[in-house]
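Visitor: A single structure is presented below for examination.
The values are calculated or read from the model by the stated rules, or taken from the named source; none is laboratory data. Since the model is a prediction, treat every value here as computed from it, not as a measurement. All Cβ positions, glycine included, derive from the backbone under ideal geometry; neighbour counts span all protein chains shown. Ligands, DNA and RNA are excluded from the accessible area calculation, which covers all protein heavy atoms including side chains. Shrake-Rupley method; radii C 1.70, N 1.55, O 1.52, S 1.80 Å.
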Amino acid sequence: MTTSLAAPFTSLRTQGYTLIRSFLDLDEIELLRQDFEDSPLEVNANYSVRRVSEKVLNQLDAKLAAVNKIVREEASVDVDLLNDGVYFATFSEKSTLTSVRPGAQAFPWHQDHENYWLWHDTWNYLNYYIPVVKPVLEKSNLTVVPFDRLEQRVPELYRKMLRRGATRVIGSGSRWVVKDDDRGGKLGTLHFDLAEIEDTPQLAPGDLLLMRGDLIHRTQDSSTKRIAASFRYVNSKTPVRRSYITRGGFVKAIMTTNARYLFEPALDCLEHAGKDELPAGELDAYLKELRRKRLQGEAAANPSRIGFLARVVKDKLFGGNLSS
Ligand SMILES: O=C(O)CCC(=O)C(=O)O
Ligand SMILES: [Fe+2]
């Protein structure tokens, strides 16, 4: 099939990402830059992040969703719902897990955590990553690991990382350890540096790096002040389960508590519905309504840390099913 957007979408299936140059026009880039300035910092203690406003999400949804349609046909990645959007900056506005030095932020090798714990399906999940402020073309990009190259080097580990999330790859002497932040422990060991197979598309403002949710990536460097918007699409029918949030290891308990503004409402939503499982679309609607209430001061911006931890510990001790 021919597309008006001349990008090889099949590479989303084989490599996990594709590139569309000049996807946004100058007005849209300016819209995002202004929205970043106007947005408050999110109450997320894992990293410094601001959220794209609902108004801007609604304005850009149709343009992004047109790409989803082609992706569904050419890459068998099926998403239909714009769940959220955030701004990632290479400068940190507070001290977090990802602060490399005061004022700087760089994300080391990882597969995203929070989306894995909310939705669990990282194949039918897209990250529309678009630089908004980008002073130097060859700096402060996003570096990725093409899945086909990973498969060639380490087929077994490739199979474990495909469709997964919540991992980090950490250097340890001459080896690299893949940490499983979902269950705890390690997923595998690499005896070569990922730099040997990495790719760093050089992005200008408005260029779109479209990534599947399971792609391994990191910040190239934080030597320039770059801001990128990242729009997240899910499949509205993906089932969400309480155990995806509360089950797992120590790192997960810490990280979900650090981002309890997101996970506590997900537990509430399942409990209000009286179900152990809900379609993603229902949770998405609940989260969006809550966001409106928070912005109007009708709901607390961040729930209590102890309260959230207590729910997680209770599930670990007694199991998370309503029936139990
Ligand atoms: O912008 C960055 O450097 C990191 C972005 C990232 O990790 C993401 O989009 O998931
Ligand atoms: Fe990420």
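Visitor: So residue 171 fits all but one of (1) modelled with pLDDT under 95; (2) within 20 Å of the chain's Cα centre (by Cα); what number is the exception?
Guide: Tallying (1) modelled with pLDDT under 95; (2) within 20 Å of the chain's Cα centre (by Cα), residue 171 fails exactly one: (2).
Visitor: Given the residues 4, 48, which is the only one that is of a type outside the set (Phe, Trp, Tyr), open to solvent by less than 10 Å² (accessible area, probe 1.4 Å) and at pLDDT below 85? Can you show your working first?
Guide: On the way: 4 fails: open to solvent by less than 10 Å² (accessible area, probe 1.4 Å).
So the residue among 4, 48 that is of a type outside the set (Phe, Trp, Tyr), open to solvent by less than 10 Å² (accessible area, probe 1.4 Å) and at pLDDT below 85 is 48.
Visitor: Residue 85 versus (1) open to solvent by less than 20 Å² (accessible area, probe 1.4 Å); (2) farther than 22 Å from residue 281 by Cβ; (3) not hydroxyl-bearing (Ser, Thr, Tyr): which is the lone unmet condition?
Guide: Condition (2) is where residue 85 drops out.
Visitor: Go over the candidates 216, 245, 254, 227 one by one and state the one that is under 20 Å from the mean Cα position of the chain (by Cα), closer than 22 Å to residue 44 by Cα and without any contact (Cβ under 8 Å) to a residue 60 or more places away in the chain. Explain how you work it out, then say what you get.
Guide: Values: 216 fails: without any contact (Cβ under 8 Å) to a residue 60 or more places away in the chain; 245 fails: without any contact (Cβ under 8 Å) to a residue 60 or more places away in the chain; 227 fails: without any contact (Cβ under 8 Å) to a residue 60 or more places away in the chain.
Just a single option satisfies the conditions, and that option is 254.
Visitor: Go through region 1-95 and tell me which strands (runs of 3 or more DSSP E), entirely inside it, have 3 or more residues that are under 16 Å from the mean Cα position of the chain (by Cα). Spell out how you get there, then give the answer.
Guide: Values: elements: 17-20, 49-51, 81-89.
Those strands (runs of 3 or more DSSP E) span 49-51, 81-89.
Visitor: Out of everything in region 289-311 that is open to solvent by less than 60 Å² (accessible area, probe 1.4 Å), in contact (Cβ under 8 Å) with a residue 60 or more places away in the chain and not in a loop (DSSP other than H, G, I, E, B), what residue ends up being farthest from residue 40 (Cα to Cα)?
Guide: Among them, the one singled out is 311.
Visitor: Scan region 51-81 for residues that are of a type in the set (Lys, Arg) and open to solvent by 60 Å² or more (accessible area, probe 1.4 Å) and jot them down.
Guide: Restricting attention to region 51-81, the residues satisfying the condition of being of a type in the set (Lys, Arg) are 51, 55, 63, 69, 72.
Once the filter is applied, which keeps residues that are of a type in the set (Lys, Arg) and open to solvent by 60 Å² or more (accessible area, probe 1.4 Å), region 51-81 yields 55, 63, 69, 72.
Visitor: Now, a different point. Suppose we keep only residues that are assigned to a strand (DSSP E or B) and either within 11 Å of ligand 2 (Cβ to nearest atom) or under 10 Å from the mean Cα position of the chain (by Cα) (or both) within region 105-119. Which one would you say is surrounded by the most Cβ atoms within 10 Å (Cβ to Cβ)? Talk me through it step by step, then tell me what you get.
Guide: Of all residues in region 105-119, those assigned to a strand (DSSP E or B) come to 105, 110-111.
This time we only want the ones that are either within 11 Å of ligand 2 (Cβ to nearest atom) or under 10 Å from the mean Cα position of the chain (by Cα) (or both), so: 110-111.
On the way: 110: 18, 111: 25.
Once the filter is applied, the top-ranked residue is 111.
Visitor: Look through region 312-324, keep the residues that are in contact with a Ser or Thr (Cβ under 6 Å, 6 or more places away or on another chain) and part of a helix (DSSP H, G or I), and return whichever of them is surrounded by the most Cβ atoms within 10 Å (Cβ to Cβ). Working first, answer last.
Guide: Within region 312-324, the subset in contact with a Ser or Thr (Cβ under 6 Å, 6 or more places away or on another chain) is 312, 315, 320.
Subsequent filtering for residues that are part of a helix (DSSP H, G or I) retains 312, 315.
Working: 312: 22, 315: 18.
It comes out as 312.
Visitor: Which of the residues spanning region 127-166 are under 16 Å from residue 11 (Cα atoms), within 11 Å of ligand 1 (Cβ to nearest atom) and hydrophobic (A, V, I, L, M, F, W, C)?
Guide: Residue satisfying the conditions is 144 alone.
Visitor: Which fully enclosed strands (runs of 3 or more DSSP E) of region 136-198 have 1 or more residues being open to solvent by 40 Å² or more (accessible area, probe 1.4 Å)? Give the steps one after another, and end with the answer.
Guide: On the way: elements: 142-145, 167-172, 175-180, 186-190.
Answer list for region 136-198: 167-172, 175-180, 186-190.
Visitor: If you don't mind, another one. Here are 102, 135, 155: which of them is away from ligand 2 (no atom under 16 Å from the Cβ) and modelled with pLDDT under 95?
Guide: Details: 135 fails: modelled with pLDDT under 95; 155 fails: modelled with pLDDT under 95.
Checking each option against the conditions leaves just 102.
Visitor: Follow-up. Would you say residue 242 is in contact with a Phe, Trp or Tyr (Cβ under 8 Å, 6 or more places away or on another chain), more than 17 Å from residue 122 (Cβ to Cβ) and open to solvent by 20 Å² or more (accessible area, probe 1.4 Å)?
Guide: Details: in contact with a Phe, Trp or Tyr (Cβ under 8 Å, 6 or more places away or on another chain): no; more than 17 Å from residue 122 (Cβ to Cβ): yes; open to solvent by 20 Å² or more (accessible area, probe 1.4 Å): yes.
When the stated conditions are applied, residue 242 does not pass them.
Visitor: Still on this model: So how many residues does region 217-235 have that are within 11 Å of ligand 1 (Cβ to nearest atom) and either open to solvent by less than 40 Å² (accessible area, probe 1.4 Å) or under 19 Å from residue 133 (Cβ atoms) (or both)?
Guide: From region 217-235, those within 11 Å of ligand 1 (Cβ to nearest atom) are 217-222, 226-232; that's our starting set.
So of that shortlist, the ones also either open to solvent by less than 40 Å² (accessible area, probe 1.4 Å) or under 19 Å from residue 133 (Cβ atoms) (or both) come out as 217, 219-222, 226-232.
Looking only at that region, the number is 12.
Visitor: Could you say which residue among 168, 164, 175 is closer than 22 Å to residue 106 by Cβ, free of Cβ contacts under 8 Å to residues at least 60 places away in the same chain and touching a strand residue (DSSP E or B) at 6+ places or on another chain (Cβ under 8 Å)?
Guide: Answer to the selection: 175.
Visitor: Continuing with the same structure: Enumerate the pairs (first residue in region 27-44 and within 18 Å of residue 90 (Cα to Cα); second residue anywhere and outside any helix (DSSP H, G or I) and among the acidic types (Asp, Glu)) with beta-carbon separation below 8 Å, excluding pairs fewer than 6 apart on the same chain, so at least 6 apart or on different chains.
Guide: Taking only residues 6 or more apart or on different chains, the pairs are 41/93.
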